[in-house]
Amino acid sequence: MNKVDDIQFHDVNSQNWRHFQQFANRILKTQYPDSLFRDFDNHEHLFYIAKLAVIDGMPIAGLKAYSIISNDQGSKSRILPTATYIETLVVDEIYQGKGLGSRMLQIIEQESWHCFIHDLMLHTPVNNSKTIQWYLSKGFIIKDTIIGHYNSTDIDASHSRDAYLLQKTI
């Protein structure tokens with residue numbers, strides 16, 4: 001097996017977004033639409049990052065995150081981003097436990113910090129215990145439970161349609 005040190009990180013672009021989509025759908029056992037991966041040139045966010053980690057040309061991990069503006073009525077800002085939303089952070093099972101997910105999370109944290117964004121947020125199914133425990137070990141907290149969050153997606157039937165909203169302040 002290749003070493004994690006041999007990993008190359010590539011920005012997701014018009015040449016490789018389908019590789020990211022196919023990889024994420026295979027690992028997550030779902031069929032997310034093209035639009036979730038094809039928006040790599042979306043410039044409406046202050047902060048946007050999409051990366052594909054590869055070894056010998058084969059995808060082994062991917063991430064997508066972007067700045068969001070809170071809809072919360074108590075929000076102090078309607079212009080400046082209030083958080084970075086981690087839409088996808090996925091690592092092939094054979095590379096899990098080798099620090100790759102932590103490395104990718106660190107990339108998101110650093111890029112967010114450089115944009116003066118200090119909160120990270122994401123959703124995950126409430127019964128996705130391995131993922132939840134990993135994020136909790138990285139300093140995230142369960143902020144809320146969203147009933148029916150995944151109702152309109154083709155998520156793997158083994159996962160709950162309800163989601164936890166996880167948050168971390170960096």
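General remarks:
- Neighbourhood net charge (12 Å Cβ-Cβ; Lys/Arg +1, Asp/Glu -1) for GLY139: 0
- The residues of the chain present an accessible area of 57 Å² per residue when probed at 1.4 Å with all protein chains retained.
- Within the accessible area of the chain (1.4 Å probe), percent carbon and sulfur: 49 percent
- Helix-only mean residue ellipticity at 222 nm for the chain, each DSSP H run of n ≥ 4 adding -39500 (n - 2.57), per residue, nearest 500: -6500 deg cm²/dmol
- Cα shape, region 82-138, gyration tensor, a/c 1.5 rule: oblate
The values are calculated or read from the model by the stated rules, or taken from the named source; none is laboratory data. Owing to the predicted nature of the structure, the values given are computational and were not obtained by experimental measurement. Don't worry about glycine lacking a Cβ; one is built from the backbone with ideal geometry, like all the others, and counts go over all protein chains shown. Calculation scope for accessible area: heavy atoms of the full protein, side chains included, ligands and nucleic acids excluded. Shrake-Rupley method; radii C 1.70, N 1.55, O 1.52, S 1.80 Å.
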